[in-house]
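Just below is one structure, and these are the notes that go with it.
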Ligand code: FPP
């Protein structure tokens, strides 16, 4: 839940439509991803300046391995270049970089740059930028269940102690607040296996704009729309209480 009711503390984004953007313009798909990386930069900077506490970006899903090997290789190279190229920007904006997902399965060179960026920024006090990499919401829940089962097996946890709060401690996002606002670009009305546990009470905002065209003004629009919503978390509206 957010501390200031009208400004989301945590924004999560499903960055979709890079391929469609490229196709509409007659470019190869990868141009869409390259332009998408520019939107990542602009939106990250805008969120940091607006003092949003956390931004989580769905950058590579577990399902994305099904894409042609060439596209995967180019995406991994883009990610690596982004990590190296953004270090100054991350430092200047006091951003702490983190990652969620099955990180160990990423290519070694990407893991190395990710480790360096995370280590360099770990004491930064501004916004947390979390990259979801090789991430799947169901996999996250399965990984948590496995870790809990291990604890129970070794007698470190009693079954009766497993509550929603305990469960949360085993998720990749254990040290994060839940998203207040989930943005999806390119119009699809889907969650696509993103943060399944964490978005239980998130407000959804979907725009037809493809991710490479998603800029500061679209972010402003989403935040304004969020501010008008009344979040009840399963309770009643004020006038009925
Ligand atoms: C969806 O577009 C986007 C992705 C699968 C990857 C997201 C990657 C980026 C935004 C670029 C790089 C990211 C960072 C952090 C540097 P799509 O290819 O599924 O689009 P389509 O549905 O129109 O084909």
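Just checking the listed ones, 147, 222, 99: in the Gaussian network model of the chain with Cα springs under 10 Å, the one fluctuating most is 147.
Of all DSSP bridge pairs formed entirely within the chain, close to 0 percent run antiparallel. A Förster radius of 22 Å combined with the Cβ-Cβ distance from residue 118 to residue 177 puts the calculated FRET efficiency at roughly 0.70. Rounded to two decimals, the Cα radius of gyration of the stretch 29-116 over 2.2 N^0.38 Å is 1.10. Each part reduced to its alpha carbon centroid, the stretch 32-88 and the stretch 200-232 end up 19 Å apart. Label point 7 Å out from residue 143 along Cα-to-Cβ: which residues of the stretch 187-220 have amide N under 19 Å? Once the point is set 7 Å along Cα→Cβ of residue 143, 192-200 turn out to lie under 19 Å by backbone N, inside the stretch 187-220. Within the listed set 121, 61, 104, the Gaussian network model of the chain (springs between alpha-carbon atoms below 10 Å) gives the highest mean-square fluctuation for 104. Here the extension length gained between residue 91 and residue 167 equals 24.0 nm, from 0.36 nm per residue of separation less the Cα-Cα distance.
Taking every Cα-Cα distance in the stretch 1-56 and sorting them into 5 Å bins starting at zero, the pair-distance distribution P(r) comes out as 4, 18, 22, 17, 13, 12, 8, 4, 1 percent.
Evaluating kT/(6 pi eta Rh) at 20 °C and 1.002 mPa s, with the Kirkwood radius of the stretch 185-230 over Cα pairs in the Stokes-Einstein relation, gives 181 µm² s⁻¹.
Principal axis extents of the C-alpha atoms in the stretch 65-135 (largest first, rounded to whole Å): 38, 21, 17. With the helix formula -39500 (n - 2.57) applied to DSSP H stretches of n ≥ 4, the chain reaches a computed 222 nm mean residue ellipticity of -13000 deg cm²/dmol. Above 17 Å lies some portion of the pair distances; for the stretch 127-172, what is it as a whole percent of all C-alpha pairs? Every Cα pair in the stretch 127-172 considered, those over 17 Å come to 40 percent. Temperature 10 °C, viscosity 1.306 mPa s: under these conditions the Stokes-Einstein estimate for the chain, based on its Kirkwood radius over C-alpha pairs, is 84 µm² per second. By the equivalent-ellipsoid construction on the alpha carbon gyration tensor, the stretch 106-201 comes out with semi-axes of 26, 20, 15 Å, ordered largest to smallest.
We did not get these values from a lab; they are worked out from the coordinates using the rules stated. This one's a predicted model, so the numbers in the text were calculated from it and none came from an experiment. Reconstructed Cβ throughout: ideal geometry from the backbone, glycine too, with neighbour counts over all protein chains shown.
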